[in-house]
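S.K.: First the structure, then my questions, so here it is.
The values are calculated or read from the model by the stated rules, or taken from the named source; none is laboratory data. Values in this document were obtained by computation on a predicted structure and should not be read as measured data. Note: ideal-geometry Cβ built from the backbone for every residue, glycine included; neighbour counts use all protein chains shown. Quick note on the areas: whole protein, heavy atoms, side chains included, nothing else; ligands and nucleic acids left out. Shrake-Rupley method; radii C 1.70, N 1.55, O 1.52, S 1.80 Å.
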Amino acid sequence: MKRRHFISALALAGAGLAAYRFWPEDGFVNPCQEDDLPEHLAHHPLVLAAWQGINAEKLWDCHVHLVGTGDSDSGIYMNPNMSKLAYPVQWVQRFFYLNASCLKDAGSVDTGFVERLLQLQKVFPAGAKLMLLAFDYFHDEQGNRVVDASAFYTPNAYAQRIAAAHPERFEWIASIHPYRADAVEALLKAVEGGARAVKWLPAAQGMDPASAKCDAFYRVMADHDIPLLSHAGTELAVKGGNIEDFGNPLRLRRPLEQGVKVLTAHCASLGKGLDLDNSPGNRHVDNFTLFARMMDEPGYEGRLFGELSAVTQVNRVRNDLKTLVTRTDWQPRLINGSDYPLPGVMPLFSVKQLTQLGYLEESAGATLVEIRRYNPLLFDFVLKRSLNIDGKSLSPGVFESRRVFENGR
């Protein structure tokens with residue numbers, strides 16, 4: 001495949017590659033240094049500085065995918081098209097997800113993914129946790145499961161079981177399609193089972209957050225103080241229903257107005273959406289601009305949050321990242337997530353780009369690149385903690401995400 005064709009395929013697969021000068025500075029594939037993090041990195045001043053002021057017991061990474069191939073009793077489903085070269089976008093996605101997780105394409109993928117997570121998290125202080133995401137099937141307007149239109153499926157029961165097996169390291173987040181006939185029942189079961197939130201990817205899973213079909217679900221979420229972690233903005237990483245309008249951040253007004261705490265994944269930092277607040281008309285504006293409008297509405301303070309996974313990827317870092325770091329009034333309402341395993345997809349991030357923009361000190365670059373080869377989770381954390389834009393940085397509180405998920409417990 002020619003280089004320019006590969007770039008196009010990878011962008012469609014969610015890699016979001018930037019200009020040639022930023023790619024591929026660290027190669028295509030994760031080198032998967034599986035040894036423990038070397039002492040010179042574990043105790044590097046950059047890493048030590050990243051931990052300054054942070055209470056590790058409050059550090060919950062709220063966006064960690066729990067994926068596999070279903071080669072165990074997990075119940076995980078992965079669409080067969082992702083293994084077929086006839087579907088090149090899905091094939092590339094599968095390749096990079098497995099490589100980012102340092103997994104071979106055969107045998108013990110499910111258990112290997114969890115073991116890799118546990119290994120990576122060993123470098124984090126006691127008390128820090130990863131929040132594992134379940135992921136429901138695509139459902140149609142009548143609430144029927146459509147397996148063929150689903151990229152993958154991770155059962156709530158599996159996420160709950162893995163979190164229960166490692167309570168010192170993991171929490172879990174349920175995924176329930178609100179159109180299901182048993183949606184409320186499934187939500188109550190998940191809450192009883194310790195779920196800390198609900199995760200939606202509307203464009204891929206087929207739910208419209210602004211639909212009245214969600215109202216009964218929202219009422220139960222609000223009654224139990226269960227946050228909604230919903231993707232907003234254009235979706236590139238997961239094929240499925242591909243209903244991009246459902247990713248418009250303004251569609252999240254409906255749960256907010258019903259008292260649900262909403263965590264806007266990626267801060268809607270990609271693509272354009274219809275300005276639903278100013279109709280009639282067909283005006284499309286940046287999704288991040290729509291998110292920012294909502295963040296600045298006093299009525300949503302304390303209920304609308306921005307979630308920072310993916311915001312340092314090459315296709316998101318310019319104006320949006322600068323705003324997120326320099327709007328210090330927003331920082332009490334920002335929370336961190338890694339979107340693991342994506343930090344291990346090598347072409348997705350460019351330390352060189354960030355240093356050239358002046359967002360990182362050049363002296364930090366080589367250390368961050370080396371950390372990533374051993375531990376993409378630590379890389380994501382230290383990278384974000386090292387950002388300095390116009391003299392401003394992300395505060396320790398941004399990474400102490402636990403406060404959003406207490407649910408009275």
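S.K.: Would you tally the residues in segment 299-325 being under 19 Å from A197 (Cβ atoms), under 15 Å from the mean Cα position of the chain (by Cα) and of a type in the set (S, T, Y)?
M.R.: Matching residues across segment 299-325 total 1.
S.K.: For segment 192-212, which residues satisfy the criterion of being closer than 14 Å to G143 by Cβ and either part of a loop (DSSP other than H, G, I, E, B) or out of contact with any helix residue (DSSP H, G or I) (no Cβ under 9 Å at 6 or more places or on another chain) (or both)?
M.R.: Restricting attention to segment 192-212, the residues satisfying the condition of being closer than 14 Å to G143 by Cβ are 205-208, 211-212.
Selection gives G206, M207, D208, S211.
S.K.: Quickly run through segment 280-297 and pick out the residues that are of a type in the set (A, V, I, L, M) and in contact with a Gly (Cβ under 6 Å, 6 or more places away or on another chain). Spell out how you get there, then give the answer.
M.R.: The first filter runs over segment 280-297 and keeps only residues of a type in the set (A, V, I, L, M), leaving 285, 290, 292, 294-295.
Selection gives L290 alone.
S.K.: Out of the residues in segment 167-186 that are over 21 Å from the mean Cα position of the chain (by Cα) and in contact (Cβ under 8 Å) with a residue 24 or more places away in the chain, which is farthest from A126 (Cα to Cα)?
M.R.: A181
S.K.: Need the failing condition index for R251 against (1) charged (D, E, K, R); (2) at pLDDT 95 or above; (3) open to solvent by less than 40 Å² (accessible area, probe 1.4 Å), just the number.
M.R.: (3)
S.K.: I'd like to know if segment 387-404 contains one or more residues that are out of contact with any strand residue (DSSP E or B) (no Cβ under 7 Å at 6 or more places or on another chain), of a type in the set (A, V, I, L, M) and either under 25 Å from R116 (Cβ atoms) or at pLDDT below 95 (or both). Give the derivation first.
M.R.: Taking segment 387-404 first, the residues out of contact with any strand residue (DSSP E or B) (no Cβ under 7 Å at 6 or more places or on another chain) are 387-397, 399-400, 403.
When the remaining residues are screened for being of a type in the set (A, V, I, L, M), the result is 387, 389, 394.
In the following step, the residues that additionally are either under 25 Å from R116 (Cβ atoms) or at pLDDT below 95 (or both) were identified as none.
Among the residues of segment 387-404, not one is out of contact with any strand residue (DSSP E or B) (no Cβ under 7 Å at 6 or more places or on another chain), of a type in the set (A, V, I, L, M) and either under 25 Å from R116 (Cβ atoms) or at pLDDT below 95 (or both), which makes the answer no.
S.K.: Determine whether G233 is surrounded by 24 or more Cβ atoms within 10 Å (Cβ to Cβ), at pLDDT below 95 and on the phi > 0 side of the Ramachandran plot.
M.R.: On the way: surrounded by 24 or more Cβ atoms within 10 Å (Cβ to Cβ): yes; at pLDDT below 95: yes; on the phi > 0 side of the Ramachandran plot: yes.
Judged against the criteria, G233 is a match.
S.K.: Are any residues in segment 369-393 open to solvent by less than 30 Å² (accessible area, probe 1.4 Å) and either on the phi > 0 side of the Ramachandran plot or touching a Ser or Thr at 6+ places or on another chain (Cβ under 7 Å) (or both), and if so, which ones?
M.R.: Result: L377, D380, L383, K384, L387, I389.
S.K.: Which one is farthest from L304 (Cα to Cα), of the residues in segment 197-213 that are buried (at least 24 other Cβ atoms within 10 Å of the Cβ) and of a type outside the set (G, A, S)?
M.R.: This residue is Q205.
S.K.: I'd like to check something: does segment 268-286 contain any residue that is in contact with a Phe, Trp or Tyr (Cβ under 7 Å, 6 or more places away or on another chain), among the polar types (S, T, N, Q), surrounded by fewer than 21 Cβ atoms within 10 Å (Cβ to Cβ) and in contact (Cβ under 8 Å) with a residue 12 or more places away in the chain?
M.R.: Taking segment 268-286 first, the residues in contact with a Phe, Trp or Tyr (Cβ under 7 Å, 6 or more places away or on another chain) are 268-269.
Filter again for among the polar types (S, T, N, Q), leaving 269.
Pick out the ones that are also surrounded by fewer than 21 Cβ atoms within 10 Å (Cβ to Cβ) and you get none.
For segment 268-286, residues in contact with a Phe, Trp or Tyr (Cβ under 7 Å, 6 or more places away or on another chain), among the polar types (S, T, N, Q), surrounded by fewer than 21 Cβ atoms within 10 Å (Cβ to Cβ) and in contact (Cβ under 8 Å) with a residue 12 or more places away in the chain: absent.
S.K.: At pLDDT 90 or above, polar (S, T, N, Q) and open to solvent by 30 Å² or more (accessible area, probe 1.4 Å): which single residue out of S72, S83 fits that description? Walk me through how you get there before you give the answer.
M.R.: Details: S83 fails: at pLDDT 90 or above.
Of S72, S83, the one residue that is at pLDDT 90 or above, polar (S, T, N, Q) and open to solvent by 30 Å² or more (accessible area, probe 1.4 Å) is S72.
S.K.: Right, next: In segment 109-162, which residue that is among the polar types (S, T, N, Q) and in contact with a Ser or Thr (Cβ under 9 Å, 6 or more places away or on another chain) is nearest to E400 (Cα to Cα)?
M.R.: Going through segment 109-162, the residues among the polar types (S, T, N, Q) turn out to be 111, 119, 121, 142, 144, 150, 154, 156, 160.
Next, only the ones that are in contact with a Ser or Thr (Cβ under 9 Å, 6 or more places away or on another chain) stay: 111, 154, 156.
Numbers: T111: 28, T154: 26, N156: 25 Å.
This residue is N156.
Conditions (1) over 28 Å from F405 (Cβ atoms); (2) surrounded by fewer than 21 Cβ atoms within 10 Å (Cβ to Cβ); (3) modelled with pLDDT under 95; (4) in contact with a Gly (Cβ under 6 Å, 6 or more places away or on another chain), marked per residue:
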residue: G299; (1), (2), (3), (4): no, yes, no, no
residue: R303; (1), (2), (3), (4): no, yes, no, no
residue: E307; (1), (2), (3), (4): no, no, no, yes
residue: V325; (1), (2), (3), (4): no, no, no, no
residue: Q331; (1), (2), (3), (4): no, yes, no, no
residue: G337; (1), (2), (3), (4): no, no, no, no
residue: L354; (1), (2), (3), (4): yes, no, no, no
residue: G365; (1), (2), (3), (4): yes, yes, yes, no
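S.K.: Every residue in segment 322-371 that is among the charged types (D, E, K, R), under 25 Å from L120 (Cβ atoms) and touching a strand residue (DSSP E or B) at 6+ places or on another chain (Cβ under 6 Å), please.
M.R.: D339
S.K.: In segment 86-107, what residues are part of a loop (DSSP other than H, G, I, E, B) and open to solvent by less than 80 Å² (accessible area, probe 1.4 Å)? Break it down stepwise before answering.
M.R.: Within segment 86-107, the subset part of a loop (DSSP other than H, G, I, E, B) is 86-87, 101-107.
If the condition is that a residue be part of a loop (DSSP other than H, G, I, E, B) and open to solvent by less than 80 Å² (accessible area, probe 1.4 Å), then S101, C102, L103, A106, G107 are the ones that fit.
S.K.: Answer with yes or no whether G358 is of a type outside the set (A, V, I, L, M) and either open to solvent by 10 Å² or more (accessible area, probe 1.4 Å) or in a helix (DSSP H, G or I) (or both). So that I can check it myself, show each step before the final result.
M.R.: Numbers: of a type outside the set (A, V, I, L, M): yes; either open to solvent by 10 Å² or more (accessible area, probe 1.4 Å) or in a helix (DSSP H, G or I) (or both): yes.
Considered against the rule, which asks whether it is of a type outside the set (A, V, I, L, M) and either open to solvent by 10 Å² or more (accessible area, probe 1.4 Å) or in a helix (DSSP H, G or I) (or both), G358 comes out as yes.
S.K.: To continue, here is another question. Does V260 qualify as being at pLDDT 95 or above, assigned to a loop (DSSP other than H, G, I, E, B) and touching a Phe, Trp or Tyr at 6+ places or on another chain (Cβ under 7 Å)? Let's see the steps before the verdict.
M.R.: Working: at pLDDT 95 or above: yes; assigned to a loop (DSSP other than H, G, I, E, B): yes; touching a Phe, Trp or Tyr at 6+ places or on another chain (Cβ under 7 Å): yes.
So V260 fits the description; yes.
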